Amino acid sequence: MAINLGDTEREAQWRQVVRDFIKNEAPAALRGDTDQGEGSMFGRLGAIKEWRDKVAAKGWIAPSWPKKYGGADMSVVEQFVMNEEFAEAGVPGNLGGFGVMMIGPTIIEHGTEEQKEEHLTKILKGEVIWCQGYSEPGAGSDLAALQTRAVRDGDDYVINGQKIWTTGAQYADMMYMLVRTDPDAPKHRGITYLLVNMKSPGVTVRPLTTLAGHQTFNEVFFEDVRVPVKNRIGEENRGWYVGTTTLDFERSSIGSAIGVRKQLEGLIRQAKAGDGEASFTRNPKVKSEFVDRWIECEVAKMLSYRVVSMQANNKIPNHEASMCKMFSSELSQRIANLSMHMFGMHGNVRNRAAMGYMQAVSSTIAGGTTEIQKGIIATRGLGLPRG
């Protein structure tokens, strides 16, 4: 299959529309080349809200959603171009969070009309923050082994159990989660998909502190938490198939591919000025690492182009998407290693290089571990037998 490396006339026109919008509307504080310093996110909240409002006014918050539900109904290529241009400019792209990317499309695909009416507009307006309740202490890579129980009691389910690595749970209003409703069924069956109000009695959120000192993830405990049956998406005991539905949203990781290249460009600027200059000019090994990382950034971009070309031809990328995810996440770690090599012993000080190095540790774990991605590539891509 040929990979599309250039724009058609229509795509070029659309790309220019996106570029003009960013140029004219994006707040200066959000542009990728603006150095805001460590901890800048708090000072940028106003600019992010302003940017979100402008993107929402264009109808671009949910680019893949059908227009009848408030989305832009963009094609795969249109989404790709928009995501690519947002990433190149360094402005936030995923402004709808889990609500737009995950639970919104799931409700559109499997929800009732009442559920669509209740949740979709709130998601688009940013009125409700969502988190995902999938992983458990004993069910991460093998998600179907989850044990959090939900027992039917009249018009409610009563939930007991624990979720972990729950991004943003301390700020979330709602959680979409998988629970086990039939413990005697095979593990991929007997699972149900529920929407849970995070303010419900019995829900306890405990933040987890990462190596970098951030509290991004959480563990969430459920003790006799009552959830109305009307908050179930799809059929009881069929939640696994709801949760793994292949939905039509952009999966090429172009944002990640460009993100790691922008990260490398920033490191090059540091290397050419200030404390990093000595290491850059005197250490041939560091110079060679920069060359290798730059080539790998181009490889990551080509892998993304392969995925979007498949989608544009109505093919479903499987191991190809895993290749994108694994390569980009491992590349981010190699770039973090390079920053430490460049700064030498200064990298041991709590500075941007050290913080980036510690943050990069989780990149090959979150969103599916490298081991899982390798398994998909081996079995579905290379046709190797399962070990």
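General remarks:
- Positions within the range 129-167 being assigned to a loop (DSSP other than H, G, I, E, B), crowded, with 17+ Cβ neighbours inside 10 Å and more than 17 Å from the chain's Cα centre (by Cα), in sequence order: 146, 148
- Residue 251 being out of contact with any strand residue (DSSP E or B) (no Cβ under 9 Å at 6 or more places or on another chain), of a type outside the set (Ser, Thr, Tyr), crowded, with 16+ Cβ neighbours inside 10 Å and at pLDDT 90 or above: no
- Checked across the range 41-58, the condition of being assigned to a helix (DSSP H, G or I), under 19 Å from residue 80 (Cβ atoms), modelled with pLDDT of 85 or more and out of contact with any Pro (no Cβ under 8 Å at 6 or more places or on another chain) holds for at least one residue.
- Hits in the range 92-128 (condition: without any contact (Cβ under 8 Å) to a residue 24 or more places away in the chain and part of a helix (DSSP H, G or I)): 113, 117, 118, 122
- Residue under evaluation residue 113, criteria (1) within 20 Å of the chain's Cα centre (by Cα); (2) modelled with pLDDT of 95 or more, criterion not met: (1)
- Residue count for the range 81-105, restricted to those that are at pLDDT 90 or above and more than 23 Å from residue 174 (Cβ to Cβ): 10.
- Among residues of the range 203-222 being in contact with a Ser or Thr (Cβ under 7 Å, 6 or more places away or on another chain) and farther than 19 Å from residue 160 by Cα, the one that is surrounded by the most Cβ atoms within 10 Å (Cβ to Cβ) is 217.
- Qualifying residue in the range 168-176 (condition: surrounded by fewer than 21 Cβ atoms within 10 Å (Cβ to Cβ), out of contact with any strand residue (DSSP E or B) (no Cβ under 6 Å at 6 or more places or on another chain) and not small (Gly, Ala, Ser)): yes
- For the range 175-193, a residue qualifies if it is touching a residue at least 60 places away in the same chain (Cβ under 8 Å) and under 19 Å from the mean Cα position of the chain (by Cα), and the qualifying residues are 176, 178.
The values are calculated or read from the model by the stated rules, or taken from the named source; none is laboratory data. Note that the structure is a prediction, hence the values are computed from the model and not measured. Here Cβ is always computed from backbone atoms with ideal geometry, including for glycine, and neighbour counts include all displayed protein chains.
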